[in-house]
Amino acid sequence: MRVLVADDDRALSHVLCARLRAQGWEPTAAFDSMQALLYAMRTPPPDVIILDINMPGETGLETLKRLKGSARTSRIPVVVMSATTSQHVAATAAALGADRFVTKPVDPQAFSALLSELRGTA
Amino acid sequence: MQDCIAKPLRPGELLGILQRVAAAADGSNTETSHQPGRVPGRVLDEAALINLVAGDRKLLREFIDLFLEQSPQLVADIGAAVLCGDRAVLEQQAHALRGAAATATGERVAAIAYQLEAAARAGNWADAEQHCATLRGEFARLRDVLVCARVGTLP
């Protein structure tokens with residue numbers, strides 16, 4: 001199963017991709033919003049997208065809005081992650097169609113379980 | 001150099017290395033415990049860091065290399081934003097550093113980055129300057145611990 005990891009924190013992205021790969025996922029990393037959108041539009045598309053809110057270019061929330069607004073990507077589950085604990089940000093992400101909101105630091109082990117769960121509901 | 005260990009490493013020794021270098025860094029900070037601006041938390045949560053990479057030494061080295069490659073620029077950007085009075089850049093880069101430091105289990109750097117974010121939002125430049133000075137010290141401490149950990153994991 002393909003997963004797009006969109007985060008400009010290359011250290012976290014590297015670990016997340018390595019851990020997910022070890023658990024059978026096929027991760028692709030994107031380091032800014034434009035790259036994330038391009039990868040999401042690819043054929044075949046990712047099965048799940050992990051999207052950081054704070055990235056160069058558009059914010060993750062703007063990227064989320066584009067993903068959920070496009071017929072090509074609207075059905076792909078999106079996990080939004082952020083260092084913020086703001087309920088307002090989490091609520092905004094949910095309103096824009098985020099399937100889950102997770103707060104950094106993230107637990108890669110728990111992430112795999114979460115992605116599997118989303119894959120089942122995709 | 002805060003710790004030295006003979007190679008080859010034995011299984012389980014990785015956590016021991018991290019615990020020793022982190023404890024040494026924490027100890028060095030007790031001298032400043034009565035000074036204003038002391039940051040709560042640990043320099044490094046070594047067990048959580050091991051958990052992050054599932055005990056994989058190679059992955060830990062790669063993670064540390066990437067963290068040390070990108071985070072100093074964030075600290076520099078924060079310093080420049082405070083100097084220039086740029087609230088947007090300060091908030092954005094402090095937020096980015098908070099996330100990166102939290103992932104690296106650097107509790108103190110994450111905490112001070114959070115305080116910098118708050119100072120940026122409030123436009124409180126006096127607090128921002130003080131936190132920025134504290135950040136430089138705490139980041140240097142975290143960097144030293146991670147460099148030690150990286151050397152300790154070499155095959």
**Request:** Please determine, by comparing only the residues of the stretch B:38-62 that are outside any helix (DSSP H, G or I) and at the interface with chain A (Cβ under 10 Å from one of its Cβ atoms), which one is farthest from B:THR103 (Cα to Cα).
**Result:** B:ASP56
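Residues checked against (1) of a type in the set (Gly, Ala, Ser); (2) out of contact with any helix residue (DSSP H, G or I) (no Cβ under 8 Å at 6 or more places or on another chain):
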| position | (1), (2) |
| --- | --- |
| B:GLU62 | no, no |
| B:GLY79 | yes, no |
| B:CYS84 | no, yes |
| B:ALA102 | yes, no |
| B:GLY106 | yes, no |
| B:ALA119 | yes, no |
| B:ALA140 | yes, yes |
**Prompt:** Within the stretch A:80-99, how many residues are more than 28 Å from B:ILE112 (Cβ to Cβ) and either in contact with an Asp or Glu (Cβ under 8 Å, 6 or more places away or on another chain) or surrounded by fewer than 19 Cβ atoms within 10 Å (Cβ to Cβ) (or both)?
**Reply:** 3
**Request:** Filter the stretch B:98-107 down to residues that are more than 8 Å from chain A (Cβ to nearest Cβ) and open to solvent by 10 Å² or more (accessible area, probe 1.4 Å), then give me how many there are.
**Result:** 1
**Message:** Can you report the number of residues in the stretch A:101-113 which are surrounded by 19 or more Cβ atoms within 10 Å (Cβ to Cβ) and touching a strand residue (DSSP E or B) at 6+ places or on another chain (Cβ under 7 Å)?
**Reply:** 3
**Item:** Answer residue from the stretch B:109-120, given it is open to solvent by 10 Å² or more (accessible area, probe 1.4 Å) and more than 10 Å from chain A (Cβ to nearest Cβ) and is nearest to B:ASP86 (Cα to Cα) among those
**Value:** B:ALA118
**Message:** Any residue that is under 12 Å from the mean Cα position of the chain (by Cα), aromatic (Phe, Trp, Tyr) and either open to solvent by less than 60 Å² (accessible area, probe 1.4 Å) or away from every other protein chain (no Cβ under 14 Å) (or both) - is there at least one of those in the stretch A:16-30?
**Reply:** no
**Item:** Condition met for A:ASP7 (open to solvent by 10 Å² or more (accessible area, probe 1.4 Å), closer than 16 Å to A:VAL78 by Cβ and acidic (Asp, Glu))
**Value:** no
**Request:** Take the residues in the stretch B:65-97 that are at the interface with chain A (Cβ under 8 Å from one of its Cβ atoms) and hydrophobic (A, V, I, L, M, F, W, C), then tell me which one is surrounded by the fewest Cβ atoms within 10 Å (Cβ to Cβ).
**Result:** B:LEU66
**Message:** Which count do you get for residues in the stretch A:60-107 that are free of Cβ contacts under 8 Å to residues at least 12 places away in the same chain and among the charged types (D, E, K, R)?
**Reply:** 1
**Message:** Anything in the stretch A:34-53 that is farther than 17 Å from A:HIS14 by Cα and within 14 Å of another protein chain (Cβ to nearest Cβ)? List them, or say none.
**Reply:** A:ILE53
**Request:** Filter the stretch A:70-113 down to the residues that are under 14 Å from A:ASN54 (Cβ atoms) and of a type in the set (S, T, N, Q), then identify the one that is farthest from the other protein chains (Cβ to nearest Cβ).
**Result:** A:THR92
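The values are calculated or read from the model by the stated rules, or taken from the named source; none is laboratory data. Owing to the predicted nature of the structure, the values given are computational and were not obtained by experimental measurement. Don't worry about glycine lacking a Cβ; one is built from the backbone with ideal geometry, like all the others, and counts go over all protein chains shown. The protein model used for the area step is the full one, side chains on, heavy atoms only, and it has no ligands, DNA or RNA in it. Shrake-Rupley method; radii C 1.70, N 1.55, O 1.52, S 1.80 Å.
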